[in-house]
Amino acid sequence: MKTPETPDTPDASAEPKADLPLSRREFTVGTLAVAVSAGGVSALGTACTAPDRPVNNPRTTTRLLVNGTTTELELDPRSSLLDVLREQLQLTGAKKGCDHGQCGACTVHLGGRRVASCLTVAVQADEQELTTIEGLSPKDGPLHPMQQAFIDHDALQCGYCTPGQIMAAVACVREGHATSPEQIREYMSGNLCRCGAYAGILAAIQQAAPKMGGT
């Protein structure tokens, strides 16, 4: 009679089989276990809970000549002119649209030139004449011809881009770039109107240009 076969017993001299590759989870758990067993939990906890070190940002004294008034401020040299105007001087006419210099809503005049204040570092305006929409016309006087023309031609809808449009339009005329509709469109192309009031804006500039001494 044939006896049943007995299972083979492990051979101690046999070469062990290779372990299966560890998963990422198993590797992470194993690593943490080693750190804890080796006394590394203290260092790990310190790294995770250590408070951020305070950043010592230098300040610089800047004199801004805004709308005829001189203001001296202690500024972070990284501050944008737009943020300083809106947050420290409460001149909120310049709008923060894209904050990348692509929409023109933040246009102001610096040293007689139109600039995107979101891309202009505030310390660059030190001792330079700066005009915002708030200073374009006297508080108790008549509106600037360009402001009045925007009203006359209904050259706005929601109004968010309007301060920047007006400041750019004034610069466009002063630069001598309002001699034709095509030229006006070209030199106003950096100011976007999401409402699409471009026809009114063009008509307003054409009306205001002769009154400003433009052609």
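Each reported figure results from applying straightforward, stated rules to the coordinates on display, with no laboratory input. Source: prediction; values computed, not measured. Note that we place each Cβ from the backbone using ideal geometry, even for glycine, and neighbour counts take in every protein chain shown.
Relative to the compact-globule scaling 2.2 N^0.38 Å, provide the ratio for the alpha-carbon radius of gyration of the range 136-215.
That ratio works out to 0.99.
How much net charge surrounds residue 63 when only the other residues with a Cβ under 9 Å from the Cβ of residue 63 are counted, with Lys and Arg +1 and Asp and Glu -1?
Value of the local net charge: -3.
Points 7 angstrom from Cα along the Cβ direction at residue 148 and residue 98: gap in nanometres?
Each label point is offset 7 Å from its Cα along the Cβ direction, giving 3.4 nm.
Report the trypsin sites (Lys or Arg not before Pro) located in the range 118-215 that are in a DSSP loop and have at most 16 other Cβ atoms inside 10 Å of their Cβ, or state none.
Taking the range 118-215 and a limit of 16 other Cβ atoms within 10 Å, the loop trypsin sites (Lys or Arg not before Pro) found are 139, 194.
If I take R0 = 30 Å and measure r between the Cβ atoms of residue 78 and residue 179 in this structure, what FRET efficiency does the formula 1/(1 + (r/R0)^6) give, to the nearest 0.05?
Plugging the Cβ-Cβ distance into 1/(1 + (r/R0)^6) gives 0.15.
Based on the Cα gyration tensor of the range 98-190, what are the three equivalent ellipsoid semi-axes, each the root of five times an eigenvalue, rounded to whole Å and given largest first?
20, 17, 14
Principal axes first, then extents: for the Cα atoms of the range 61-135, list largest minus smallest coordinate on each axis, whole Å, largest first.
Taking the Cα atoms of the range 61-135, the three principal extents are 29, 24, 20 Å.
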